[in-house]
1. Looking at (1) at pLDDT 95 or above; (2) in contact with a strand residue (DSSP E or B) (Cβ under 9 Å, 6 or more places away or on another chain), which one does His496 not meet, given that it meets all the others?
2. Taking the stretch 597-627 on its own, how many of its residues are closer than 25 Å to Gln417 by Cβ and part of a loop (DSSP other than H, G, I, E, B)?
3. So in the stretch 435-448, with the set limited to residues that are assigned to a loop (DSSP other than H, G, I, E, B) and out of contact with any Phe, Trp or Tyr (no Cβ under 6 Å at 6 or more places or on another chain), which one is most open to solvent (accessible area, probe 1.4 Å)?
4. Identify all residues within the stretch 213-230 that are more than 27 Å from the chain's Cα centre (by Cα) and either surrounded by 14 or more Cβ atoms within 10 Å (Cβ to Cβ) or small (Gly, Ala, Ser) (or both); write none if there are none.
5. Pick from Asp334, Asp338: which is closer than 25 Å to Phe36 by Cβ, touching a residue at least 12 places away in the same chain (Cβ under 8 Å), in contact with a strand residue (DSSP E or B) (Cβ under 6 Å, 6 or more places away or on another chain) and open to solvent by 30 Å² or more (accessible area, probe 1.4 Å)?
6. Which of the residues spanning the stretch 158-177 are assigned to a strand (DSSP E or B) and open to solvent by 80 Å² or more (accessible area, probe 1.4 Å)?
7. If a residue must be open to solvent by 10 Å² or more (accessible area, probe 1.4 Å) and on the phi < 0 side of the Ramachandran plot, how many such residues does the stretch 128-157 contain?
Amino acid sequence: MSQDRPLHESVEGLSVSPMGPVYPSPESWLDQVLYFLLPDRFSDGDEHHRPLFNPLRPEDHRHPDLGKWRESGRRFVGGRIRGITTKLDYLKELGVTTLWVGPVWKQRADLDTYHGYGIQNFLMVDPRFGSLEDLQEMVRQAHQRGMYVLLDVIYNHTGNNWYYLLDDEHRTTAPYREEPAYPFGGWRSGEDGAPIDSIKTWEDGVWPREFQNPDWYTRAGTIGNWDAPGRELDPDAEFRRGDFGDLKNLNLADDAVVDALVRCYQYWLAVTDCDGFRIDTVKHVPHEVSARFCHGIRDYARQIGKENFLLLGEVTGSPAIVRAYVDPEGANLDAALDIESAPRRLSDMVKGFGSSEEFFNHFGGRDDMGPLRKAGIHHVSILDDHDMVWRDGKHRFIWANGGADGWGQLAHSVGVQLGTPGIPCIYYGTEQAFDGSESSHDEESEPRGEDGRIPFADRYVRECMFGGEFGAFQTRGCHFFNREHPVYRRINTIAHIRTRNDAIGQALRRGELYVREVRHDGEEEYTPYHIGGVVAWSRLSPEAAVVCVFNSHGLESRVAEVTVDKDAFGDSGRAWVHYRGDWSDEWLRSPPRDQTIEAVRHESGRVTVKLELPPSGMAILSSIPPD
């Protein structure tokens, strides 16, 4: 059955019965490695017709018209759900166990909301991405490979589906005001985007039918104040009642609206057999509404046999706000994306710009999220993503990298994610060293807006991976699914250590975190924290100790003695080496099982191992040999 037209017009009578036996949830999401992709930018499934990009010869496929390249980044470029399905083996080999798939829901035909966050029909897959059957097959194929799928859902707002009426003019946006609600100015036509009085086609206005009620929207205008000090949890704060730009805010104070949204997403859970939801813009949803939505989804998931359906939220703002939505004792989100200060701390430490103390302290009591980070299960660690809200400007981690081994530094930044508490998430293209940046923008042809910002700057960190007009590195006509890329190969090796089903993998995922004291050559004292030096930490479990060692100096090699657990390493007198970033490709593909280094017991009782690491180099050691 093709889904060129909706299967359902209304939430009323919508069946939410599973299509068959459900795929069981994982025992723990701590065992997973996530990979986030945007369907429009990832794959169209036709890469076999195109050459593979050669990172040593980037000019071979340079787009001949950079103006057209920039412009295409604002539009749909042709990625498809079936393309994702064709790349499941590529992702599984990388070490990915769970896909986080950006929104696939029906967008407006007359607008280029390629990102998927401007929903026009809550009960339909966008035909530009594919069909319901494509989505079901993608999930089914992932499950056959032992992988899980998170679908990206939105219930804070809809697309730009209707107009305000201001001074007898139809406008898509309005200045924010608390009350009264602005007059409703008509629906948006699916043909030319013009205002119309009534919805006559599937492309007009919004679907399902229940959402065609103007009172289901706050009609308060666009958010101007994105924070409200002292009112962080106030359901009537501006950032909770206003529109997200021209994306229209839903009136979540109305129980009928929330009930309809819960029913829509219960439907998607039932018909796709997905394993969790990543929930967009949770900060903009009142805390009580988030709890109600999560309860409705979680309770239904358990009823049909998904005992650990993940509810992962995007909660921007202070750690106190995030902590209010992630409550291990309450019925709200299971976990949050750690997207505020944590990625900056990670980036600064890895690049040698900041102290490792700041990074490791955020697993403790530095802020309200500290205890949850230490537990690991309640936060997803992020390096890059599609918004980069925490970075000054829209830039990927490796952009303008001046290190001696930028690829190694990028791979090992992911290695730090994989070796510290939390559920690690890789942003698509990271494994191919995508370096997208708003610095690619041409202000002469496309000036900054009245707010001083580059228009649609997000596009530059949402590059096309399959060979479309907006290819990474300003290319077109080539794809980037290179399993031999040095970053891919190193992430692959480290990820497979983390996901191993043995004591070493268990320790790396669940072990207690301890920062280790280090003494560099020429130094007298052992100290735990460094800027631009060797940083080391252990993950300890009753069965094994795993030590991760990283040189945060991007230009120079470092030799250092690393303190290790004396009970775990002292008796054997050696440590087994599971990974070094400077291994040959052959060893990275098939790591040796007999590599060891000496563990020396000093008169003081301290036990150390001595390593030399190249710039941005990394090593992973353990107290026991591999099984």
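1. Here His496 meets the rest and fails (2).
2. Of all residues in the stretch 597-627, those closer than 25 Å to Gln417 by Cβ come to 597, 609, 611-624, 626-627.
Pick out the ones that are also part of a loop (DSSP other than H, G, I, E, B) and you get 614-617, 623-624, 626-627.
Here the count works out to 8.
3. Of all residues in the stretch 435-448, those assigned to a loop (DSSP other than H, G, I, E, B) come to 435-436, 441-448.
Remaining after also requiring out of contact with any Phe, Trp or Tyr (no Cβ under 6 Å at 6 or more places or on another chain): 441-448.
Numbers: His441: 24, Asp442: 50, Glu443: 80, Glu444: 171, Ser445: 86, Glu446: 27, Pro447: 84, Arg448: 108 Å².
By that ranking, first place goes to Glu444.
4. Listed by number, the residues that qualify are Asn213, Pro214, Trp216, Tyr217, Thr218, Arg219, Ala220, Gly221, Gly230.
5. Numbers: Asp338 fails: open to solvent by 30 Å² or more (accessible area, probe 1.4 Å).
The match here is Asp334.
6. Residues of the stretch 158-177 assigned to a strand (DSSP E or B): 162-166, 169-171, 175.
Hits for the stretch 158-177 are Glu169, His170, Arg171, Pro175.
7. So the answer is 13.
Residues are listed down the side, and each one gets a yes or a no for (1) free of Cβ contacts under 8 Å to residues at least 12 places away in the same chain; (2) within 22 Å of Phe129 (Cα to Cα):
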position	(1), (2)
Glu12	no, no
Gly45	no, yes
Asn54	yes, no
Asp60	no, no
Lys68	no, no
Val77	no, yes
Arg80	no, yes
Trp105	no, yes
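The values are calculated or read from the model by the stated rules, or taken from the named source; none is laboratory data. What you see is a predicted model, and the numbers here were worked out from it, not measured in a lab. Neighbour counts run over all protein chains shown; Cβ positions are idealised from the backbone, glycine included. These area figures cover heavy atoms from the full protein model, side chains too; ligands, DNA and RNA do not enter into them. Shrake-Rupley method; radii C 1.70, N 1.55, O 1.52, S 1.80 Å.
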